[in-house]
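S.K.: Have a look at this one.
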Amino acid sequence: MSTEFENPWKTIRSRPIYDNPWIAVREEDVLKPNGAPGIYGVVSFKNKAIGIVPVDSEGYTYLVGQFRYTLNEYSWEIPEGGGPMNEAPLETAKRELEEETGLHAATWSELGRIHTSNSVTDEEGFLFLATDLTPGPSNPEDTEQLIIKRVSLKDAVAMVMRGEITDSLSIAGLLKAFMIVSSY
């Protein structure tokens, strides 16, 4: 987190608008950087976003296909999920990879941290590269009807570039993983 810049926004008042087990929405009366009054809506997530790019010994990755209710469309993504704030992101990543794909990874590398949509939400995402994979049974949540697709990492990046993968965690994770794996 950068501390070299001073926050030009001033919060006058904050009030909760909505709250459930996953998100909280608040509206804030603010003074904008130019000093004019305004409002700002903020969505606070109660979990960390976790994304995993599993890559096998042949250079293939595993995409998860599922229908996304909020978008009303089908989405191809890397394995991902939400992790409790008090849990280490790597522990969540291990659980999510097994839950969604049945894969176990012997080697884990952190790909980085991202903010998924920083203009309206404080959601923080953590990305991992999982290698040295072994298969096992998957155990998706009751909200998930998943299809697993094994594709080369290069083809997955091509899907990103063609706009066939639009999920922000997936885009960032696949591009970062491709840069790392192709430098071997």
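S.K.: What distance in nm separates the two pseudo spin-label positions at ASP122 and ARG68, each 7 Å out from Cα along the beta-carbon direction?
M.R.: Result for the modelled spin labels: 2.3 nm.
S.K.: Still on this model: Quick one: net charge around LEU129, please, counting Lys, Arg +1 and Asp, Glu -1 for every other residue with C-beta under 10 Å from its C-beta.
M.R.: Summing Lys/Arg as +1 and Asp/Glu as -1 gives 0.
S.K.: Going 7 Å from the Cα of ALA24 in the Cα-to-Cβ direction, what parts of the stretch 47-68 have a backbone nitrogen less than 15 Å from that spot?
M.R.: Answer for this model: 47-48.
S.K.: Within 10 Å of each candidate Cβ there may be at most 14 other Cβ atoms; applying that plus a DSSP loop requirement, which chymotrypsin sites (Phe, Trp or Tyr not before Pro) in the stretch 63-98 survive?
M.R.: TYR69
S.K.: Continuing with the same structure: With no solvent and one point on each alpha carbon, what is the Debye value of log10 I(q)/I(0) for the chain at q = 0.10, 0.13, 0.16, 0.20 Å⁻¹?
M.R.: -0.47, -0.73, -1.00, -1.37
S.K.: I would also like to ask the following. When the Cα centres of the stretch 112-134 and the stretch 68-82 are compared, how far apart do they sit, in Å?
M.R.: Rounded to whole Å, the Cα centres lie 14 Å apart.
S.K.: How large is the accessible surface per residue of the chain, computed with a 1.4 Å probe and reported in Å² as a whole number? Write down the numbers at each step before the final one.
M.R.: Values: 10990 Å² over 184 residues.
With all protein chains present, the chain gives 60 Å² per residue.
S.K.: Using only alpha carbon pairs under 8 Å that are at least six residues apart, calculate the relative contact order of the stretch 9-148 and give it in whole percent.
M.R.: That works out to 23 percent.
S.K.: While we're on this one: Label-point separation (nm) for LEU90 and ASN7, each offset 7 Å from Cα along Cα-to-Cβ?
M.R.: For the pair LEU90/ASN7, the computed spacing is 3.1 nm.
S.K.: Please sort by residue number the GluC sites (Glu not before Pro) in the stretch 31-134 whose DSSP state is loop and whose Cβ has at most 16 other Cβ atoms within 10 Å.
M.R.: Filter output for the stretch 31-134: GLU58, GLU87.
S.K.: Another question, if that's okay. Give me the percent of accessible area attributable to carbon and sulfur for the stretch 1-126, probe 1.4 angstrom.
M.R.: Carbon plus sulfur share of accessible area: 53 percent.
The values are calculated or read from the model by the stated rules, or taken from the named source; none is laboratory data. Just so it is clear, the model here is predicted, and its values are computed rather than measured. We place every Cβ from the backbone using ideal geometry, glycine too, and count neighbours over all the protein chains shown. What goes into the accessible areas is simple: the full protein's heavy atoms, side chains included, and nothing from ligands, DNA or RNA. Shrake-Rupley method; radii C 1.70, N 1.55, O 1.52, S 1.80 Å.
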